[in-house]
């Protein structure tokens, strides 16, 4: 699958078999996260791979949009180290870029994946920090739910010409 095909056909998957993915595929997904760009190449990202059914269930209890996590069988918490990158905007952008790479890698491997946001919802970040025993300098930014999918979704064309501006902002009221 070429990169443009992957970008245009990747969809959020929320239905899974529960079967764990093989370690080589998990490593490929993680490697894709490490390959993401990083502001000033600081690389403040850290990853927590979660396979334990009890931990998956505990996260699903606190995150309304992660109820499918136990059925997926695996999750990856993408975190940022605010001591390495104190600028919150760069920290979040770095983690988001890693998450997108991971989602594309999972899609390219034929796996299902969905991004469940954590930051900046304080209730979620505190709960995940407690569940995963995170030190104070580590911020949980997002959760990648990952597994063998049981659903297929059609691609969605989200191109919107009205949101493209040339040289200066165009549109809106004057």
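Tell me, what is the FRET efficiency for residue 137 and residue 55 to the nearest 0.05, using R0 = 30 angstrom and their Cβ-Cβ distance as r? Efficiency computed from Cβ-Cβ geometry: 0.90.
As an equivalent ellipsoid, the chain spans semi-axes of 27, 22, 16 angstrom, where each value is the square root of five times an eigenvalue of the C-alpha gyration tensor, largest first.
Relative to one another, the C-alpha centroids of the stretch 1-59 and the stretch 72-143 are positioned 10 Å apart. Full extension of the chain between residue 6 and residue 43 gives 10.9 nm of extra length, using 0.36 nm per residue less the Cα-Cα distance.
Among 132-142, 76-86, 51-61, the peptide with the highest mean count of other Cβ atoms within 10 Å heads the list, and the full ranking is 76-86, 132-142, 51-61.
Readers should treat all values here as calculations from the given coordinates under stated rules, not as data from a laboratory. Every value quoted in this text rests on a predicted model; they were computed, and no experiment measured them. Note: ideal-geometry Cβ built from the backbone for every residue, glycine included; neighbour counts use all protein chains shown.
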